[in-house]
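A.B. asks: I'd like to ask you about the structure that follows.
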There are 2 protein chains.
Amino acid sequence: MEFTEAKDKFIQTWGTLATQWGINRSMAQLHALLLISPEPMTTEDVMEQLQISRGNASMNLRDLMDWGLIYKQLKAGERKEFYVAEKDIWKVARQVAKERRRREITPVVEVLNDLKAIDATTPEAQEFKRVMEGLSSVVGFADNTLNAVIRAEENWLMSQFLKVFR
Amino acid sequence: MEFTEAKDKFIQTWGTLATQWGINRSMAQLHALLLISPEPMTTEDVMEQLQISRGNASMNLRDLMDWGLIYKQLKAGERKEFYVAEKDIWKVARQVAKERRRREITPVVEVLNDLKAIDATTPEAQEFKRVMEGLSSVVGFADNTLNAVIRAEENWLMSQFLKVFR
DNA sequence: GTTTATTTTCAATTATTTTTGAAACTATAA
DNA sequence: TTATAGTTTCAAAAATAATTGAAAATAAAC
């Protein structure tokens, strides 16, 4: 396969995968592009490569910074801002795990805790409580797993352990 | 909190969470509703409870069956079809892990394998290859983790182990 | 066979999300 | 200070995804 073709396919594939996981395509494609770029890129660069507008680029670059996946870089004598992706791919994974946990899991854990506190008089309420308790444990498991990823660096053991389940 | 209120809050919360993970709201809400219902429900029942159309109900109930999260049930003497959710919450989790793996992870693994096979002549191509290899290992890790969940039943050890990282 | 109850399909509509682009803003340089 | 280069914002437009509803299909009952 041609390099240019491979690059396009990667950016495309990454964008599609992201969409299925609730992340918008431009954001994923920007990330993909910066990941494989050996050089820092300007807003102009990414706009041209992905054929997207300035506004779109600006907003999604900012979101990527909020997620801790890319950084702004200044070059001496240059007025423009350059962007570089975090290249340590495990750090990227940890960062994604961290953010999704914070934004999505934690709030749900709280709601579930509230919900399992109702008093179960009717059969419906009993069933409800049972389901809430079950979900709590599953969500708790997901939470632990994400934490395991987040702390994988400190826990060499973890990654070794998971290999067992190949 | 009132039971009816709790029920609504749960269905609402579940729908929102699902949206953030790329699953449509109706499907998630249908699932939530059936999960907490002690009795099998007809299409009419769910339409009324969630205030959605027949078409919407029909399509999403079918999707939920494709995901292996709910079952059709026939009642003697009744012409209508009844739906029940899989109530074993760990089975639900395994099923979701299984399906997402099959639909999303596996195809990406294949693409990445293709992409890391290009020959790296230019610095760009070298960087590209490096990133593809890194991503392969991360996606491989995700794959292993999902597999661990899928086989959790057989692997009591797994769940115990993850508790360490609480 | 026909009638009737129920489910499914899918084109059209509606809702939601994403993207655009130009104006407003910021900061550096002259 | 004013001009200039670059960035951000956000209302409007476009694209995408979800939902409706009525017609078609299916299947049980007669």
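The values are calculated or read from the model by the stated rules, or taken from the named source; none is laboratory data. Computed from a predicted model, the values in this text were never measured in an experiment. Cβ coordinates were reconstructed from backbone atoms using ideal geometry, including for glycine residues, and neighbour counts include every protein chain displayed. Side chains included, ligands, DNA and RNA excluded: accessible areas come from the protein's heavy atoms. Shrake-Rupley method; radii C 1.70, N 1.55, O 1.52, S 1.80 Å.
A.B. asks: Which one of A:Gln73, A:Gln95, A:Gln49, A:Gln20 is more than 12 Å from DNA strand C (Cβ to nearest atom), polar (S, T, N, Q), out of contact with any Ser or Thr (no Cβ under 8 Å at 6 or more places or on another chain) and closer than 30 Å to A:Ala148 by Cα?
C.D. replies: Being more than 12 Å from DNA strand C (Cβ to nearest atom), polar (S, T, N, Q), out of contact with any Ser or Thr (no Cβ under 8 Å at 6 or more places or on another chain) and closer than 30 Å to A:Ala148 by Cα holds for just one of A:Gln73, A:Gln95, A:Gln49, A:Gln20, which is A:Gln95.
A.B. asks: Turning to a different aspect of this structure: Take the range A:50-63 and flag every residue that is away from DNA strand D (no atom under 11 Å from the Cβ) and either open to solvent by less than 90 Å² (accessible area, probe 1.4 Å) or not assigned by TED's automatic domain parsing to the domain that holds A:Asn24 (or both).
C.D. replies: Within the range A:50-63, A:Leu50, A:Ile52 meet the criteria.
A.B. asks: If we scan the range A:67-79, do we find a residue that is within 23 Å of A:Arg100 (Cβ to Cβ), open to solvent by 60 Å² or more (accessible area, probe 1.4 Å) and either assigned by TED's automatic domain parsing to the domain that holds A:Ala93 or more than 11 Å from DNA strand D (Cβ to nearest atom) (or both)?
C.D. replies: Within the range A:67-79, one or more residues are within 23 Å of A:Arg100 (Cβ to Cβ), open to solvent by 60 Å² or more (accessible area, probe 1.4 Å) and either assigned by TED's automatic domain parsing to the domain that holds A:Ala93 or more than 11 Å from DNA strand D (Cβ to nearest atom) (or both).
A.B. asks: Now a separate question. Is the range B:35-43 home to any residue that is within 15 Å of DNA strand C (Cβ to nearest atom) and in a helix (DSSP H, G or I)?
C.D. replies: yes
A.B. asks: Taking the range B:14-44 as the search range and keeping residues that are over 21 Å from the mean Cα position of the chain (by Cα) and open to solvent by 60 Å² or more (accessible area, probe 1.4 Å), which one is nearest to the other protein chains (Cβ to nearest Cβ)?
C.D. replies: The selected residue is B:Glu39.
A.B. asks: Just to check your reading of the model, which residue among A:Arg54, A:Arg130, A:Arg103, A:Arg79 is at the interface with chain B (Cβ under 9 Å from one of its Cβ atoms) and either of a type in the set (Ser, Thr, Tyr) or over 19 Å from the mean Cα position of the chain (by Cα) (or both)? It would help to see each step written out before you state the result.
C.D. replies: On the way: A:Arg54 fails: at the interface with chain B (Cβ under 9 Å from one of its Cβ atoms); A:Arg103 fails: either of a type in the set (Ser, Thr, Tyr) or over 19 Å from the mean Cα position of the chain (by Cα) (or both); A:Arg79 fails: at the interface with chain B (Cβ under 9 Å from one of its Cβ atoms).
Just a single option satisfies the conditions, and that option is A:Arg130.
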